[in-house]
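What follows is a short report on a single structure.
The values are calculated or read from the model by the stated rules, or taken from the named source; none is laboratory data. None of the values given here were measured: they were computed from a predicted structure. Here the Cβ positions follow ideal geometry from the backbone for every residue, glycine too, while neighbour counts run over all protein chains shown.
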Amino acid sequence: MEPAVLTGTHYMTGDEACAEGALAAGCLFFGGYPITPATEVAERMAERLPGVGGVFIQMEDEIAAMASIAGASCAGVKSMTSTSGPGFSLMMENLGLAIVTETPCVVVNVQRAGPSTGLPTQGAQGDMYQARWGSHGHYEIIALAPASAQDIFYQTIRAFNLSEKYRTPVLVMTDEVIGHMSERVVIPRAEEITVFNRPRAKGRKDRFKPFEPGPLGVPPMAIAGEGYNIHVTGLTHDERGYPVMSVDCQREMMARLIGKIQNNLDDIIEVEGYLLDDAEIVLISYGVSARTSRAAADEAREMGCKVGFLRLATVWPFPEKHIRELAQRVKGFITVEINFGQIHREVERAVQGKAPCFLAGHCGGTVISPDAVLDIIRREF
Amino acid sequence: MDTPRGWKKKEIVITGFGGQGIVLAGKIVGRAAALGDGVESTLIQSYGPESRGGACSAQVILATATIHYPYVRKPDVLAAMSQAGFDKYIGGVREDALVLIDQDLVKPRDMEREIFAVPSTRLAEEMGKKMMANIIMAGFITAVTQLVSRKSMEDTVAGSVPRGTEKSNLAAFGKGYEYGAALLKARDKKAQGIARATA
């Protein structure tokens, strides 16, 4: 056996660091279909999984890839897939199945410019709303946005931990630039990495109810084949997992699915503030655009402007509270993202008119330069 | 804070076409700097959907502090292994940038600035492996720019190439390095000669 945790200092791409984060979190199954710029995640997993006792399967397409990781998770192993826009679209239906069946798994989207096949080798952040609402029906989802190779290692571990803790798919919304950029990555020793495993079924096997909520509103999970009575369906179901076509059952199921995320926001949401204490203008960003924003904040300070920066490491559920608090005391916000205003809209919604909100957006294909952000600061403030 | 090297940040662009090993050359420079010399470094690779023949570039930033924005804004070093790559970037380099070319693949037209030229592809062919041109260029970059130590570069070359090819790649690296060192020496001599003549 080879070590799952590659302790040491490396120079690797974000895609490779993502795969190493997954392995460090205990991932033992990868089902996927290659697509630029996410292929290197799959390549690394194909190379590494057999050595740590795991399984890699190249599926026939992304619909099957998503189904395979849900299935592997039901069979008791931590599972993941990686893709980019076109594949992410195909995964949406089965993502919903994993949400309603409360099946932990991790989906990595290394975003490239769309719509459709778009610019395969060039980055964007255009799938942020698809991450939130891409599958049908109303639901809660967790989506994280790493900003460096080191961060994607850490955020991928966090994705697995949240996924296991709340029994829900977690999305790692990265982008081509972070995925393909090489940087120094320090991987700690295995015992220094916190790994969370799903709550497991206990007690009498014939009395077990697979969707009876435990602590945090999350039901303990039985592994298929362990002997517990289980029934798993995409239909609205009761605590036994059996379909019940009633408004009452739908109401109860939805309240719990939404509640287990909404009632634990402080645990799920991670943000990082930079120069916020005396900031008059706040940049809000995530993923690769966070790096543009940090550079812009530094350069604006050199110009004498009090600019701070809030990085959303968790994008969904949206860190509304943090932004609402800032809105009480700052002159305005600029959201920096490689689309035409997806998270900008969320910022506007959270700010509720208390301060002006501007967008430093981009069509995709490259990153936003710090100069574009500085131009908005000069023009609007 | 300045390092003993005397710089805080250096931006390097290596450009050519897909298949020449441009990204690998960039990765070796970035890795040698980050893991061998202990400075911060980022490498951005950009290429088209083609696996060979299309335009390709590696952007490496070296810095003594955390690198936020990872794209090159005004290169301190341009190493060009294709005419198209040279033409694309030469207009945007710093005035005092070091410009390096494969002399058989790039023709700098009507240019006042000093250019460091190496026949990297030809030398690689003479060594029997055209695909090592990128490693020769990496050696040349190391000697001419002196941004990354020779030892870190050699360690990284040995660790980055396919097993069994370490020796030939190190020889290729040495060839590029010596070519660059000889060029600098000749340049210094010439400068001294001019200084004496005008004294």
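Among the numbered criteria (1) in the same structural domain as A:Gly114 (by TED's automatic domain parsing); (2) on the phi < 0 side of the Ramachandran plot; (3) touching a Lys or Arg at 6+ places or on another chain (Cβ under 8 Å), which one does A:Arg167 miss?
Among (1) in the same structural domain as A:Gly114 (by TED's automatic domain parsing); (2) on the phi < 0 side of the Ramachandran plot; (3) touching a Lys or Arg at 6+ places or on another chain (Cβ under 8 Å), A:Arg167 violates only (2).
Check the range A:352-360 and report whether any residue there is touching a Ser or Thr at 6+ places or on another chain (Cβ under 6 Å) and either within 14 Å of chain B (Cβ to nearest Cβ) or of a type in the set (Phe, Trp, Tyr) (or both).
Within the range A:352-360, the subset touching a Ser or Thr at 6+ places or on another chain (Cβ under 6 Å) is A:359.
After this cut, where a residue has to be either within 14 Å of chain B (Cβ to nearest Cβ) or of a type in the set (Phe, Trp, Tyr) (or both) as well, the list is none.
No, the range A:352-360 has no match at all.
When the residues of the range B:71-93 are narrowed to those that are of a type outside the set (A, V, I, L, M) and free of Cβ contacts under 8 Å to residues at least 24 places away in the same chain, which ends up nearest to B:Glu11 (Cα to Cα)? Give the steps one after another, and end with the answer.
Restricting attention to the range B:71-93, the residues satisfying the condition of being of a type outside the set (A, V, I, L, M) are B:71, B:73-76, B:82-83, B:85-89, B:91-92.
Next, only the ones that are free of Cβ contacts under 8 Å to residues at least 24 places away in the same chain stay: B:87, B:91-92.
Details: B:Asp87: 18, B:Gly91: 15, B:Gly92: 12 Å.
In this case the residue turns out to be B:Gly92.
Return yes when B:Gln83 is within 10 Å of another protein chain (Cβ to nearest Cβ), within 17 Å of the chain's Cα centre (by Cα) and either within 21 Å of A:Gly179 (Cα to Cα) or not charged (D, E, K, R) (or both) and no when it is not.
no
Of the residues that sit in the range A:345-367 and are aliphatic (A, V, I, L, M) and not in a strand (DSSP E or B), which one is nearest to A:Arg379 (Cα to Cα)?
Within the range A:345-367, the match that is nearest to A:Arg379 (Cα to Cα) is A:Ala355.
Pick from B:Gly19, B:Gly6: which is surrounded by fewer than 17 Cβ atoms within 10 Å (Cβ to Cβ), away from chain A (no Cβ under 14 Å), without any contact (Cβ under 8 Å) to a residue 24 or more places away in the chain and not aliphatic (A, V, I, L, M)?
Values: B:Gly19 fails: without any contact (Cβ under 8 Å) to a residue 24 or more places away in the chain.
Exactly one residue qualifies, and that residue is B:Gly6.
Applying the selection to the range A:96-123, what residues are more than 14 Å from chain B (Cβ to nearest Cβ), hydrophobic (A, V, I, L, M, F, W, C) and in contact with a Gly (Cβ under 8 Å, 6 or more places away or on another chain)?
Scanning the range A:96-123 gives A:Leu97, A:Val100.
Might you check whether a residue that is of a type in the set (Gly, Ala, Ser) and assigned to a strand (DSSP E or B) occurs anywhere in the range B:22-38?
Looking for residues that are of a type in the set (Gly, Ala, Ser) and assigned to a strand (DSSP E or B), one finds none in the range B:22-38, hence no.
Within the range B:40-64, work out how many residues are at the interface with chain A (Cβ under 10 Å from one of its Cβ atoms) and over 17 Å from the mean Cα position of the chain (by Cα).
6
Taking the stated definitions as given, is A:Glu212 assigned to a helix (DSSP H, G or I) and free of Cβ contacts under 8 Å to residues at least 60 places away in the same chain? Talk me through it step by step, then tell me what you get.
Details: assigned to a helix (DSSP H, G or I): no; free of Cβ contacts under 8 Å to residues at least 60 places away in the same chain: yes.
In short, no.
Go through B:Ile61, B:Ile44, B:Ile90 for me and flag whichever is crowded, with 16+ Cβ neighbours inside 10 Å and more than 23 Å from A:Glu176 (Cβ to Cβ).
B:Ile90
Would you list the strands (runs of 3 or more DSSP E) that sit entirely within the range A:250-343 and hold 2 or more residues that are buried (at least 23 other Cβ atoms within 10 Å of the Cβ)?
Per the criteria, A:281-285, A:307-312, A:314-316, A:332-336.
Among the residues of the range A:23-56, write down those that are out of contact with any Gly (no Cβ under 8 Å at 6 or more places or on another chain) and either at positive phi or within 14 Å of chain B (Cβ to nearest Cβ) (or both).
A:Gly26, A:Pro34, A:Thr36, A:Thr39, A:Gly53
Among (1) away from every other protein chain (no Cβ under 14 Å); (2) out of contact with any Asp or Glu (no Cβ under 6 Å at 6 or more places or on another chain); (3) surrounded by 21 or more Cβ atoms within 10 Å (Cβ to Cβ); (4) at pLDDT 95 or above, which single condition is B:Gly26 missing?
The number of the failed condition is (1).
Would it be correct to say that A:Ile258 is closer than 23 Å to A:Pro169 by Cβ and among the β-branched types (Val, Ile, Thr)? Give the derivation first.
Numbers: closer than 23 Å to A:Pro169 by Cβ: yes; among the β-branched types (Val, Ile, Thr): yes.
When the stated conditions are applied, A:Ile258 passes them.
For the range A:93-134, which residues satisfy the criterion of being of a type in the set (S, T, N, Q) and outside any loop (DSSP other than H, G, I, E, B)?
If the condition is that a residue be of a type in the set (S, T, N, Q) and outside any loop (DSSP other than H, G, I, E, B), then A:Asn94, A:Asn109, A:Gln111, A:Thr121, A:Gln122, A:Gln130 are the ones that fit.
When the residues of the range A:132-182 are narrowed to those that are under 30 Å from B:Ala58 (Cβ atoms) and of a type in the set (Gly, Ala, Ser), which ends up surrounded by the fewest Cβ atoms within 10 Å (Cβ to Cβ)?
Filtering first and then ranking leaves A:Ser148.
Take the conditions at pLDDT 95 or above, more than 14 Å from A:Val271 (Cβ to Cβ) and under 25 Å from the mean Cα position of the chain (by Cα) and apply them to A:His362. Does it pass?
Details: at pLDDT 95 or above: yes; more than 14 Å from A:Val271 (Cβ to Cβ): yes; under 25 Å from the mean Cα position of the chain (by Cα): yes.
Yes: the conditions hold for A:His362.
How many residues does the range B:67-87 contain that are surrounded by fewer than 21 Cβ atoms within 10 Å (Cβ to Cβ) and part of a helix (DSSP H, G or I)?
Count: 3.
Can we say A:Leu310 is closer than 30 Å to A:Ile157 by Cα and of a type in the set (A, V, I, L, M, F, W, C)?
Against the criterion (closer than 30 Å to A:Ile157 by Cα and of a type in the set (A, V, I, L, M, F, W, C)), A:Leu310 qualifies.
Report every pair of residues separated by at least 6 positions or lying on different chains whose Cβ atoms are under 6 Å apart, first residue within the range A:224-238 and over 16 Å from A:Ala70 (Cβ atoms) and without any contact (Cβ under 8 Å) to a residue 60 or more places away in the chain, second part of a loop (DSSP other than H, G, I, E, B) and among the hydrophobic types (A, V, I, L, M, F, W, C).
What qualifies is A:Tyr228/A:Ala201; A:Tyr228/A:Phe208; A:Tyr228/A:Ala222; A:Asn229/A:Phe208; A:Asp238/A:Val244.
Scan the range A:1-22 for residues that are closer than 30 Å to B:Ala32 by Cβ, away from chain B (no Cβ under 14 Å) and touching a Gly at 6+ places or on another chain (Cβ under 8 Å) and jot them down.
Passing the criteria: A:Glu2, A:Ala4, A:Cys18.
Check every one of the strands (runs of 3 or more DSSP E) wholly within the range A:135-206 and list those with 1 or more residues that are away from every other protein chain (no Cβ under 14 Å) and among the hydrophobic types (A, V, I, L, M, F, W, C).
A:142-144, A:169-175
So that you can scan it fast, the table gives a plain yes or no per residue for (1) under 20 Å from the mean Cα position of the chain (by Cα); (2) surrounded by 23 or more Cβ atoms within 10 Å (Cβ to Cβ):
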{"position": "A:Ala22", "(1), (2)": "yes, yes"}
{"position": "A:Pro37", "(1), (2)": "yes, yes"}
{"position": "A:Met45", "(1), (2)": "yes, yes"}
{"position": "A:Gly53", "(1), (2)": "no, no"}
{"position": "A:Ala65", "(1), (2)": "yes, yes"}
{"position": "A:Ser79", "(1), (2)": "yes, yes"}
{"position": "A:Met91", "(1), (2)": "yes, yes"}
{"position": "A:Thr101", "(1), (2)": "yes, no"}
{"position": "A:Val108", "(1), (2)": "yes, yes"}
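I'd like to check something: does the range A:309-325 contain any residue that is more than 14 Å from every other protein chain (Cβ to nearest Cβ) and either modelled with pLDDT under 95 or farther than 30 Å from A:Glu176 by Cα (or both)?
Yes, because at least one residue in the range A:309-325 is more than 14 Å from every other protein chain (Cβ to nearest Cβ) and either modelled with pLDDT under 95 or farther than 30 Å from A:Glu176 by Cα (or both).
Taking the condition of being touching a Lys or Arg at 6+ places or on another chain (Cβ under 9 Å), of a type in the set (Ser, Thr, Tyr) and farther than 18 Å from A:Thr121 by Cα, how many residues in the range B:1-41 meet it?
1
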